[in-house]
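**Student:** Got a structure for you, written out below as structure tokens; questions coming shortly.
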Amino acid sequence: MKHLYILRHAKTNQFSPTGKDFDRELMEKGVKQLVELGTYFQKKVDSSGLVCFISAAKRTQQTWMGIKHFVRYINETSLHSLYHANRQELLDFIWEQKTESDMLLIGHNFGISDLASYFLDEEIVLSTSELIQLSFDCDQWNETSKGMATLTARFRPLVDAVD
């Protein structure tokens, strides 16, 4: 059994001081989302042995830094290739993983929502700071495919739903 946790970064400012999308930072609301998300990880997610892959963008890095002390992970890797990766790029990345561990992927829409939709074979759109857990009845990541996942958990911080 494989478990893939997909997390969309927390709420961000629309613009960055540099003018680059890559450098956008979390808003105060995003930081508040991370408090709830961290508590959820601590209480509800068996993250022991989790391998974490994070987009190198500022907002995904800040999201990870806000929750990492609540996650019992064994390895973290930041990758530029995950910045605005599309579904096929994310699939190729996942299928290349030789780890026996479960994975956490922190990224961006629309790629991560398209990825979740593919694995579930139904449309899903992730909001900021929304976390889903997909479970697969297989032993290797390259055995996963369309419609194979079961949505076993979904969490969205309440602070996100308030506006």
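The values are calculated or read from the model by the stated rules, or taken from the named source; none is laboratory data. Keep in mind that what you see is a predicted model, and the values were worked out from it rather than measured. Reconstructed Cβ throughout: ideal geometry from the backbone, glycine too, with neighbour counts over all protein chains shown.
**Student:** So which pairs qualify, if the first residue must be in region 33-44 and in contact (Cβ under 8 Å) with a residue 12 or more places away in the chain, the second must be exposed (fewer than 14 other Cβ atoms within 10 Å of the Cβ), the Cβ gap must be under 8 Å, and the two must be at least 6 apart or on different chains?
**Tutor:** E36/L158; G38/H69
**Student:** Out of the residues in region 36-74 meeting the condition of being of a type in the set (A, V, I, L, M, F, W, C) and loosely packed, with under 15 Cβ neighbours inside 10 Å, tell me which one is farthest from T128 (Cα to Cα). If you could, list the steps in order and put the result at the bottom.
**Tutor:** Going residue by residue through region 36-74, those that are of a type in the set (A, V, I, L, M, F, W, C) are 37, 41, 45, 50-54, 56-57, 64-65, 67, 70-71, 74.
Right, trim to loosely packed, with under 15 Cβ neighbours inside 10 Å and you get 56, 65, 74.
Details: A56: 17, M65: 16, I74: 25 Å.
Among those residues, the one meeting the criterion is I74.
Here's the yes/no breakdown for (1) of a type in the set (A, V, I, L, M, F, W, C); (2) modelled with pLDDT of 95 or more:
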| residue | (1), (2) |
| --- | --- |
| L26 | yes, yes |
| G30 | no, yes |
| L37 | yes, yes |
| F41 | yes, no |
| K44 | no, no |
| F53 | yes, yes |
| A56 | yes, yes |
| T60 | no, yes |
| R72 | no, no |
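**Student:** Within the set of pairs 6+ apart or on separate chains, which have a first residue in region 98-114 that is over 16 Å from S127 (Cα atoms), a second that is in a loop (DSSP other than H, G, I, E, B) and among the hydrophobic types (A, V, I, L, M, F, W, C), and C-beta atoms under 8 Å apart?
**Tutor:** These pairs meet every condition: L104/V71.
**Student:** Tell me the residue from L105, L91 that is closer than 23 Å to D139 by Cα and not in a helix (DSSP H, G or I), please.
**Tutor:** Numbers: L91 fails: not in a helix (DSSP H, G or I).
Answer to the check: L105.
**Student:** Which residue pairs have Cβ atoms closer than 7 Å, lie 6 or more positions apart in sequence or on different chains, and pair a first residue in region 59-83 that is farther than 19 Å from K11 by Cβ and in a strand (DSSP E or B) with a second residue that is at pLDDT 95 or above and polar (S, T, N, Q)?
**Tutor:** I74/S101; S78/Q61; L79/S55
**Student:** Something else about it: Between residues in region 45-57 that are touching a residue at least 60 places away in the same chain (Cβ under 8 Å) and in a loop (DSSP other than H, G, I, E, B) and residues that are among the polar types (S, T, N, Q) and surrounded by fewer than 21 Cβ atoms within 10 Å (Cβ to Cβ), which pairs lie under 7 Å by C-beta distance while being six or more apart or on different chains?
**Tutor:** If the second residue must be among the polar types (S, T, N, Q) and surrounded by fewer than 21 Cβ atoms within 10 Å (Cβ to Cβ), no pairs are left.
**Student:** Restricting to region 116-135, name every residue that is buried (at least 19 other Cβ atoms within 10 Å of the Cβ), closer than 22 Å to N75 by Cα and not β-branched (V, I, T).
**Tutor:** Going residue by residue through region 116-135, those that are buried (at least 19 other Cβ atoms within 10 Å of the Cβ) are 116, 118-119, 124, 126, 128-134.
Adding the requirement that they be closer than 22 Å to N75 by Cα leaves 129-134.
S129, E130, L131, Q133, L134 - these are the residues of region 116-135 that are buried (at least 19 other Cβ atoms within 10 Å of the Cβ), closer than 22 Å to N75 by Cα and not β-branched (V, I, T).
**Student:** Let me ask you something else. Restricting attention to region 136-152, and to residues there that are part of a loop (DSSP other than H, G, I, E, B) and touching a helix residue (DSSP H, G or I) at 6+ places or on another chain (Cβ under 6 Å), which single residue is surrounded by the most Cβ atoms within 10 Å (Cβ to Cβ)? If you could, list the steps in order and put the result at the bottom.
**Tutor:** Step one: list which residues in region 136-152 are part of a loop (DSSP other than H, G, I, E, B), which gives 137-140, 144-149.
Narrowing the set further to residues that are touching a helix residue (DSSP H, G or I) at 6+ places or on another chain (Cβ under 6 Å) leaves 146, 149.
Details: K146: 11, A149: 23.
Residue satisfying both the conditions and the ranking: A149.
**Student:** Could you check E122 against (1) in contact (Cβ under 8 Å) with a residue 24 or more places away in the chain; (2) of a type outside the set (V, I, T); (3) more than 17 Å from R8 (Cβ to Cβ) and say which number it fails?
**Tutor:** (1)
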